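The values are calculated or read from the model by the stated rules, or taken from the named source; none is laboratory data. Nothing here was measured: the structure is a model prediction, and the numbers come from that model. With ideal geometry, Cβ positions are generated from the backbone for all residues, glycine too; neighbour counts draw on all protein chains shown. To get the accessible areas, we keep the full protein, side chains included, count just its heavy atoms, and leave off ligands, DNA and RNA. Shrake-Rupley method; radii C 1.70, N 1.55, O 1.52, S 1.80 Å.
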Amino acid sequence: MTLDPPAPDLDSAAAAGRLPGELTRDLAHALGIVEQMQAADLPPALRFDLTRLEAALTTLGAGIERAAQALRRQAGGDAPAGDAMDERRFLRLLEIAGPGDSVEIVARLHLDLKTVRSGLFAALDRREPDWTALRAQTHVLIALAGVVGADALQHLAEAMNAAAHRRDLRDAQDLREAASRELDRLIAYIARRDRPEAR
């Protein structure tokens, strides 16, 4: 007799806030392992299989985010045009987390965004761009932006990730200014929420 695993709790708002980040971080880790293996001296057949696996993982990540977007729309709607993020969606996430966990979520999000910003542009500022680091950082940024409803930033991160996969420095640099602006706006908002008086 086989036992099916229990179905996950898919409350729309909770899933929209939790699942994309968790799954995308796992995918980024898996992609990093694939890229390390690709750097080794491997038979052509295995290298081809790894390339197909990398493409499948990337496609899976895009599918997860599309599903999360649908859940977020169901839970709280889309961000108003011109906003750095959908504040309603973000506040709903904090409400679900509760007073104790919400403080940790804001602090962790603030730290993660600053870390991603540093890593993202450091990867581009090298004499030879670090494409592996850029792919990893954009995967994390896609997840973080998606969780809080920063749709413009999420789309920019997706475009930068695609450029990194193509190793297209011109496209990556062209996206840099807009990505930096949107990321700085989001960091500034989260920083205000991370102050003791805002808790």
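Out of all the residues in segment 142-149, is one or more open to solvent by 70 Å² or more (accessible area, probe 1.4 Å) and in contact (Cβ under 8 Å) with a residue 60 or more places away in the chain?
Filtering segment 142-149 down to residues open to solvent by 70 Å² or more (accessible area, probe 1.4 Å) leaves none.
Checked against the condition, which is being open to solvent by 70 Å² or more (accessible area, probe 1.4 Å) and in contact (Cβ under 8 Å) with a residue 60 or more places away in the chain, segment 142-149 yields no hits at all.
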Single match in ALA75, ALA84, ALA97 (criterion: modelled with pLDDT under 60 and either touching a helix residue (DSSP H, G or I) at 6+ places or on another chain (Cβ under 8 Å) or open to solvent by less than 30 Å² (accessible area, probe 1.4 Å) (or both)): ALA75
Exactly one condition in (1) closer than 17 Å to SER180 by Cβ; (2) touching a Gly at 6+ places or on another chain (Cβ under 8 Å); (3) of a type in the set (A, V, I, L, M, F, W, C) is not met by LEU93; state its number. (1)
Does ARG181 fit the bill of being surrounded by fewer than 24 Cβ atoms within 10 Å (Cβ to Cβ) and either at positive phi or modelled with pLDDT under 90 (or both)? no
Any residue that is open to solvent by 20 Å² or more (accessible area, probe 1.4 Å) and in contact (Cβ under 8 Å) with a residue 60 or more places away in the chain - is there at least one of those in segment 121-130? no
